[in-house]
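Working notes, structure below.
The values are calculated or read from the model by the stated rules, or taken from the named source; none is laboratory data. Quick caveat, the model's predicted, so the values are computed rather than measured. Here Cβ is always computed from backbone atoms with ideal geometry, including for glycine, and neighbour counts include all displayed protein chains. Side chains included, ligands, DNA and RNA excluded: accessible areas come from the protein's heavy atoms. Shrake-Rupley method; radii C 1.70, N 1.55, O 1.52, S 1.80 Å.
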Amino acid sequence: MPQDRRPLIAGNWKMNGLTSDGLSLAEALAQNMKAETDPVFDMCVCPPFTLVAGVGEALADSAIALGAQDCHAQEKGAHTGDISTAMLSDLGCSFIIVGHSERRADHGETDGEVKAKAAATQASGLTAIICIGETEEQRDAGQTFEVVKTQLSGSLPDGAAATNTVIAYEPVWAIGTGRTPSLDEVQEVHALIRAELTKALGEVQADGIRLLYGGSMKPENARDLIALADVDGGLIGGASLKAEDFWAIAQSCV
Ligand code: 13P
């Protein structure tokens, strides 16, 4: 976590939270953030679509950014049930997660679709958090590097830059399981991602793009993970649903 990349602690609430608990969680985080005189990290929460507006209000006068978990690639039109990047921008979002492995698995999203969603996010002036990561079978078969490279090149829009792109490396087998790769394994994948970004976008952009680790990040392991040279924060699922744990993870950046 070099000085020039400000760590980002992002919470992915997934399909969790009704109005009262979602708003209480957002309010607790907002209070913590307001008490922080000079935060050395950025924080973002990505609630389900139903809570985006309410959480946005709860966070309004705090430095915590609002995000969403998915979007449609088109600006508007006949896409029943879908949400556009302009709609999310309208609600105050500044980040959109795209290509999460749960969407790739549950909705068959391809790299091409993820790329289109990321491009739409960036075209609306928002930052895309593009998720990539191997399954357990792929890791066991020694395919991690290949899978990560293919997903990255297939999902990264041409106009990607440090100001509109975050990459989250989330090994599928580490999500919600309590298992994580070793620190060396995390760093080697992040270094590979940085090297691939350098080839695709040049050194300046690649050096500026934040690479998050995601998958069973907790207060107990966050400090070591975030201290790795190419890890610039975390994308946190389960532990982002408890204000205390999520805040403790953010404090690992201090
Ligand atoms: P967990 O932190 O629950 O493992 O989830 C990680 C994740 O999928 C974040 O997007």
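Karplus couplings for segment 126-140 from phi (6.51 cos²θ - 1.76 cosθ + 1.60, θ = phi - 60°), rounded to Hz, Gly and Pro as x?
Karplus values, whole Hz, x for Gly and Pro: 9, 9, 8, 9, 8, 9, 9, x, 8, 7, 5, 4, 5, 5, 4.
Just from its helices, what would the mean residue ellipticity at 222 nm be for the chain, if runs of 4 or more DSSP H residues each count -39500 (n - 2.57) and the sum is divided by every residue, rounded to the nearest 500 deg cm²/dmol?
The helix-only estimate for the chain comes to -13000 deg cm²/dmol at 222 nm.
So how compact is the chain: Cα radius of gyration and Dmax in angstrom?
Rg and Dmax of the chain, Cα atoms, are 16.7, 48 Å.
Among ASP42, ASP70, ASP140, whose mean-square fluctuation peaks in a Gaussian network model of the chain (Cα, cutoff 10 Å)?
Of ASP42, ASP70, ASP140, the most mobile in the Gaussian network model is ASP140.
Let's see if you can work this out: charge +1 on each Lys and Arg Cβ, -1 on each Asp and Glu Cβ, no other charges. What is the dipole magnitude of the chain about its Cα centre, in debye to the nearest 20?
With Lys and Arg at +1 and Asp and Glu at -1, about 220 debye.
Please name which of CYS71, ALA123, GLN187 has its Cα lying farthest along the dipole of the chain towards the positive end, using unit charges on Cβ (Lys, Arg +1; Asp, Glu -1) and the Cα centre as origin.
The residue sitting most towards the positive pole is ALA123.
Can you work out ³J(HN,Hα) from phi for every residue in segment 170-180, in order, using Karplus 6.51 cos²θ - 1.76 cosθ + 1.60 and θ = phi - 60°, giving whole Hz and x for Gly and Pro?
10, x, 4, 6, 9, 7, x, 10, x, 9, 9
Distance from the Cα centre of segment 17-76 to that of segment 121-163, in angstrom?
Answer, in whole Å: 24.
Using a Cα-Cα cut-off of under 19 Å, which lysines could be cross-linked to LYS218, ignoring same-chain neighbours fewer than 8 residues away?
The reachable lysines, counting only those whose Cα sits under 19 Å from LYS218, are LYS14, LYS242.
Tell me the trypsin sites (Lys or Arg not before Pro) within segment 90-198 that lie in a loop according to DSSP and have at most 13 other beta-carbon atoms within 10 Å.
On the way: sites: ARG103, ARG104, LYS115, LYS117, ARG139, LYS149, ARG179, ARG194; in loops: ARG179.
When the trypsin sites (Lys or Arg not before Pro) of segment 90-198 are filtered for loop state and at most 13 Cβ neighbours within 10 Å, ARG179 remain.
Could you list which residues have their amide H under 5 Å from that of GLU134, counting only those 5 or more apart in sequence or on another chain, with H placed in the peptide plane?
Placed amide hydrogens put VAL172 under 5 Å from GLU134.
In the full protein assembly as shown, how much of GLU102 is accessible to a 1.4 Å probe, in Å² to the nearest 10?
Surface open to solvent at GLU102 totals about 60 Å².
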